[in-house]
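Colleague: The structure's right below; bear with me while I get my questions together.
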Amino acid sequence: MAYKDTYEHWQRDPEGFWMEAAAQVDWVTPPSRALFDENAPLYEWFADGVLNACWNAVDRHVEAGRGDQLAIIHDSPITHSYRGITYRELQSRVAGLAGALRAKGIEKGDRVIIYMPMVPEALEAMLACARLGAIHSVVFGGFAAHELAVRIDDCTPKAIIAASCGLEPGRVVHYKPLLDRAIDEARHKPEFCVIFQREQEVAQLIEGRDVAWHSFQFGVEPADCVPVNGNHPQYILYTSGTTGQPKGVVRHTGGHVVALNWSMKNIYAIDAGDVFWAASDVGWVVGHSYICYAPLFAGATTVVFEGKPVGTPDAGTFWRVIQNHKVKSFFTAPTAIRAVRREDPEGELIKDYNLRSLQALFLAGERADPDTVAWAEEKLGVPVIDHWWQTETGWAIAASPFGIEKLPIKRGSPSVPMPGYDVQVLDEAGQPVPPGTLGAITVRLPLPPGTLPGLWNADDRFRKSYLTTYPGHYETGDAGYLDEDGYLYIMARTDDVINVAGHRLSTGAMEEVLSGHPAVAECAVIGVADPLKGQMPMGFLCLKKGMTGDPGQVCKDVVRMVRDQIGPVAAFKTAIVVDRLPKTRSGKILRATMAKIADGEDFKPPSTIDEPAVLDEIAQVLKSRGYPAAG
Ligand code: COA
Ligand code: AMP
């Protein structure tokens with residue numbers, strides 16, 4: 001069937017479409033229907049079906065005779081190690097871990113935070129929670145203790161599962177002290193912590209609170225899968241909003257299993273037995289969906305890669321992994337390809353490897369610039385497929401569905417809406433704009449299975465953040481346009497979220513840290529264009545009157561504070577002291593205009609600007625710093 005037919009099938013009969021997709025996964029009790037719209041505009045999918053996500057990811061493949069197939073390949077150029085785990089081994093490891101968690105009181109509905117690097121045990125921890133119906137919340141290892149504490153207080157976990165350390169090139173990330181600091185800072189205290197000791201660093205355990213991963217499993221009865229309803233939360237994943245308080249995106253079990261299973265075959269063209277690799281991190285949504293769950297739902301082999309695109313040891317790492325493990329579809333962020341290209345512009349290292357297994361490269365996480373797409377297409381000789389989605393949706397809103405039809409690729413566009421998504425581009429009054437016209441991108445409700453039904457303990461925030469601006473629609477926070485052929489172009493965010501190396505970050509959160517400096521009167525953080533990372537944060541500080549200290553020192557202080565409080569992943573390296581910030585008459589800081597000045601883009605100051613001269617002052621300061629950058 002062609003894409004158009006599939007999309008029309010969904011438009012004509014969404015119930016039938018999703019019930020057919022639901023029949024492809026295992027249920028203890030199949031759902032009586034797909035959509036539950038009684039509480040519209042809040043929707044649920046497959047709410048009365050009963051299933052278990054871990055069963056669908058692991059046990060069912062062992063039952064189907066795939067026990068000896070590799071489920072996980074751990075490839076770690078950082079530790080120079082390689083390990084394969086079969087589905088049968090995974091089943092026994094996950095059942096053992098789940099049994100030990102249950103023995104310590106973890107039950108269906110309890111929250112468990114997971115703070116781990118790219119080791120298979122991170123996936124095992126996620127799956128063990130899913131096995132018990134416990135709700136996991138994975139926190140990315142590049143976040144600092146404070147961010148972890150904020151998440152502990154929001155989702156109030158009964159337990160935390162952490163590793164002793166993570167490994168960044170040339171640096172050991174000491175997870176355990178970060179964990180201890182976070183628990184000290186948080187108001188809520190977990191009952192216990194499970195520590196996975198890595199050989200690179202053995203952490204000190206706190207007696208009475210911490211247990212060791214291996215010893216706490218010793219002699220414990222393995223746990224079977226606990227059936228849960230389709231609308232039982234499987235996980236919470238925090239993502240950046242406009243403030244320092246992250247949003248806890250909830251994922252319900254039924255829709256998650258059905259939609260991700262559908263996506264593997266239809267978008268990524270992956271069947272049971274194939275090898276799929278998403279080079280991201282379990283701390284991000286890409287890691288949840290496409291390192292852990294979807295490849296396993298599909299009975300494929302997933303690669304857990306602990307390394308970087310460059311420097312571990314060189315820009316040929318990606319190609320080595322693809323060759324050695326016969327990767328069929330590969331997924332990464334454009335920034336990673338830009339990093340590889342910068343080191344190996346002619347793609348010489350690609351020639352050292354046999355990439356015959358590779359059928360396509362998938363890109364997401366940030367805008368894929370046409371130049372990078374063209375380079376990858378030429379050097380790899382396979383289709384390069386940009387696709388667009390968000391933590392909130394959990395799977396692609398727009399893509400070229402490679403498993404359905406090889407649609408023509410238009411560089412710079414993540415192609416066309418996936419079934420389930422009625423994508424609209426609206427003007428400020430909420431009216432659809434003609435093709436080629438920029439507007440706010442929305443999705444007409446209901447969102448499809450697998451997307452967020454709400455935010456953890458924050459119904460009002462959910463409605464305000466996503467459902468209020470355009471009634472009847474989900475507001476994506478992205479702006480862009482559709483062309484005459486229905487291809488979508490994503491151009492910018494409509495809020496203060498920035499995207500640094502494929503990582504979604506809140507400038508509001510950084511501003512909260514900057515304002516905490518005793519010398520700072522007010523501040524603004526913007527994202528400026530960066531050739532490698534897409535965007536980099538830049539902070540502007542107005543110092544308090546009569547401040548006698550060294551402004552240079554204040555800048556150094558705030559850089560350190562962001563690293564300490566948000567984490568190294570914020571990549572906040574530049575702070576500039578200015579006399580005043582440009583504002584509207586009502587006092588709103590003109591961040592978007594400042595970003596345009598820094599990027600050398602045309603801009604029109606809003607008519608509500610208070611003092612236009614401030615923009616010139618900002619332009620002067622930026623110029624003295626080399627912005628806009630040449631080229
Ligand atoms: N744990 C602890 N620290 C981490 C971390 C983790 N899991 N991941 C990143 N960091 C740290 C890095 O060590 C770096 O620290 P530093 O300031 O001491 O150098 C900082 O966070 C910024 O990291 P990053 O933005 O990743 O930049 P980089 O310069 O280390 O590497 C790239 C640049 C392009 C190679 C890298 O960003 C990359 O691989 N990007 C791909 C992004 C991706 O997969 N995104 C997922 C969405 S699909
Ligand atoms: P995250 O929730 O971290 O996955 O970030 C989602 C945001 O990243 C989106 O709202 C977009 O702003 C951006 N994004 C993700 N994928 C793409 C893409 N293919 N093209 C353009 N922007 C993207």
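The values are calculated or read from the model by the stated rules, or taken from the named source; none is laboratory data. Source: prediction; values computed, not measured. Neighbour counts are summed over all protein chains in view; Cβ atoms, including those assigned to glycine, are modelled from backbone coordinates with ideal geometry. Just the protein is used for accessible areas: all its heavy atoms, side chains included, with ligands, DNA and RNA removed. Shrake-Rupley method; radii C 1.70, N 1.55, O 1.52, S 1.80 Å.
Colleague: Would you please list the contacts, defined by Cβ atoms under 9 Å and residues six or more apart or on different chains, that run from a residue in segment 347-375 that is small (Gly, Ala, Ser) to a residue that is open to solvent by 40 Å² or more (accessible area, probe 1.4 Å) and more than 16 Å from ligand 2 (Cβ to nearest atom)?
Modeller: Pairs that qualify, where the first residue is small (Gly, Ala, Ser) and the partner is open to solvent by 40 Å² or more (accessible area, probe 1.4 Å) and more than 16 Å from ligand 2 (Cβ to nearest atom), are Gly347/Arg341; Gly347/Glu378; Gly347/Lys379; Ser357/Gln323; Ser357/Lys326; Ser357/Lys328; Ala360/Lys328.
Colleague: Could you check how many residues of segment 211-230 are farther than 19 Å from Ile161 by Cα, open to solvent by less than 50 Å² (accessible area, probe 1.4 Å) and out of contact with any Gly (no Cβ under 6 Å at 6 or more places or on another chain)?
Modeller: 1
Colleague: Sort out which residues of segment 62-76 are among the aliphatic types (A, V, I, L, M) and within 16 Å of Cys292 (Cα to Cα), and write them in order of number.
Modeller: Listed by number, the residues that qualify are Leu70, Ala71, Ile72, Ile73.
Colleague: I've got another one for you. Could you tell me which of the residues Ala40, Ala100, Ala122 is among the hydrophobic types (A, V, I, L, M, F, W, C) and in contact with a Cys (Cβ under 9 Å, 6 or more places away or on another chain)?
Modeller: Ala122
Colleague: Separate question: All but one of (1) more than 17 Å from the chain's Cα centre (by Cα); (2) closer than 30 Å to Pro313 by Cα; (3) aliphatic (A, V, I, L, M) hold for Ile114, so report the exception by its number.
Modeller: Going through the list (1) more than 17 Å from the chain's Cα centre (by Cα); (2) closer than 30 Å to Pro313 by Cα; (3) aliphatic (A, V, I, L, M), Ile114 breaks only (1).
Colleague: Of everything in segment 507-520, what is outside any loop (DSSP other than H, G, I, E, B) and in contact with a helix residue (DSSP H, G or I) (Cβ under 9 Å, 6 or more places away or on another chain)? Give them in sequence order.
Modeller: Thr507, Ala509, Met510, Glu512, Val513, Leu514, Val520
Colleague: Let me confirm something: among His288, His256, which residue is in contact (Cβ under 8 Å) with a residue 60 or more places away in the chain and within 16 Å of ligand 1 (Cβ to nearest atom)?
Modeller: His288
Colleague: Looking only at residues in segment 331-356 that are aliphatic (A, V, I, L, M) and assigned to a loop (DSSP other than H, G, I, E, B), which one is farthest from Gly307 (Cα to Cα)?
Modeller: Here the answer is Leu355.
Colleague: Separate question: Going by the conditions given, is Ala575 under 27 Å from the mean Cα position of the chain (by Cα), within 16 Å of ligand 2 (Cβ to nearest atom) and not in a loop (DSSP other than H, G, I, E, B)?
Modeller: So Ala575 does not fit the description; no.
Colleague: Out of all the residues in segment 87-128, which are open to solvent by 10 Å² or more (accessible area, probe 1.4 Å) and among the hydroxyl-bearing types (Ser, Thr, Tyr)?
Modeller: Once the filter is applied, which keeps residues that are open to solvent by 10 Å² or more (accessible area, probe 1.4 Å) and among the hydroxyl-bearing types (Ser, Thr, Tyr), segment 87-128 yields only Ser92.
Colleague: Among Ser280, Ser289, which is the only one that is open to solvent by less than 20 Å² (accessible area, probe 1.4 Å), among the polar types (S, T, N, Q), within 13 Å of ligand 2 (Cβ to nearest atom) and under 23 Å from Thr86 (Cα atoms)?
Modeller: None of the others qualify; the one that does is Ser289.
Colleague: Related question: Among Asp271, Asp281, which is the only one that is away from ligand 1 (no atom under 16 Å from the Cβ) and either without any contact (Cβ under 8 Å) to a residue 24 or more places away in the chain or assigned to a loop (DSSP other than H, G, I, E, B) (or both)?
Modeller: Step by step, each of Asp271, Asp281 is checked, and only Asp271 is away from ligand 1 (no atom under 16 Å from the Cβ) and either without any contact (Cβ under 8 Å) to a residue 24 or more places away in the chain or assigned to a loop (DSSP other than H, G, I, E, B) (or both).
Colleague: Next question. Considering segment 45-67 alone, what residues qualify as being under 18 Å from Asn261 (Cβ atoms) and of a type outside the set (A, V, I, L, M)?
Modeller: Selection gives Trp45, Phe46, Gly49, Asn52, Cys54, Trp55, Asn56, Asp59, Arg60, His61, Glu63, Arg66.
Colleague: If you don't mind, another one. Can you pull out every residue in segment 143-158 that is in contact with a helix residue (DSSP H, G or I) (Cβ under 7 Å, 6 or more places away or on another chain) and either open to solvent by 10 Å² or more (accessible area, probe 1.4 Å) or more than 16 Å from ligand 1 (Cβ to nearest atom) (or both)?
Modeller: Phe143, His146, Ala149, Ile152 - these are the residues of segment 143-158 that are in contact with a helix residue (DSSP H, G or I) (Cβ under 7 Å, 6 or more places away or on another chain) and either open to solvent by 10 Å² or more (accessible area, probe 1.4 Å) or more than 16 Å from ligand 1 (Cβ to nearest atom) (or both).
Colleague: Would you mind finding the one in Val226, Val250 that is at pLDDT 95 or above and more than 16 Å from ligand 2 (Cβ to nearest atom)?
Modeller: When all the criteria are applied, what remains is Val226.
Colleague: Let me ask you something else. Search segment 486-500 for residues being at pLDDT below 95 and either outside any strand (DSSP E or B) or more than 27 Å from Arg341 (Cα to Cα) (or both), and hand back the single one that is most open to solvent (accessible area, probe 1.4 Å).
Modeller: Thr494
Colleague: Can you name the residue in segment 180-207 that is of a type in the set (Gly, Ala, Ser) and in contact with a strand residue (DSSP E or B) (Cβ under 9 Å, 6 or more places away or on another chain) and is also farthest from Ala103 (Cα to Cα) among such residues?
Modeller: Top of the filtered list is Ala182.
Colleague: Which residue is nearest to Val226 (Cα to Cα), if the candidates are limited to segment 13-35 and must be touching a residue at least 60 places away in the same chain (Cβ under 8 Å) and open to solvent by 70 Å² or more (accessible area, probe 1.4 Å)?
Modeller: So, considering only residues that are touching a residue at least 60 places away in the same chain (Cβ under 8 Å) and open to solvent by 70 Å² or more (accessible area, probe 1.4 Å), the one nearest to Val226 (Cα to Cα) is Val28.
Colleague: Take Val139 and tell me if it is touching a strand residue (DSSP E or B) at 6+ places or on another chain (Cβ under 9 Å) and open to solvent by 10 Å² or more (accessible area, probe 1.4 Å).
Modeller: Against the criterion (touching a strand residue (DSSP E or B) at 6+ places or on another chain (Cβ under 9 Å) and open to solvent by 10 Å² or more (accessible area, probe 1.4 Å)), Val139 does not qualify.
Colleague: Quick test for you: out of Ile609, Ile597, pick the one residue that is under 29 Å from Arg338 (Cβ atoms) and open to solvent by 10 Å² or more (accessible area, probe 1.4 Å).
Modeller: Answer to the check: Ile597.
Colleague: Among (1) touching a Lys or Arg at 6+ places or on another chain (Cβ under 7 Å); (2) crowded, with 23+ Cβ neighbours inside 10 Å; (3) over 23 Å from Ala272 (Cα atoms), where does Tyr353 come up short?
Modeller: Against the list (1) touching a Lys or Arg at 6+ places or on another chain (Cβ under 7 Å); (2) crowded, with 23+ Cβ neighbours inside 10 Å; (3) over 23 Å from Ala272 (Cα atoms), Tyr353 comes up short only on (2).
Colleague: Out of the residues in segment 518-535 meeting the condition of being open to solvent by 40 Å² or more (accessible area, probe 1.4 Å) and closer than 20 Å to Tyr627 by Cα, tell me which one is nearest to ligand 1 (Cβ to nearest atom).
Modeller: Only one residue fits best here, namely Lys533.
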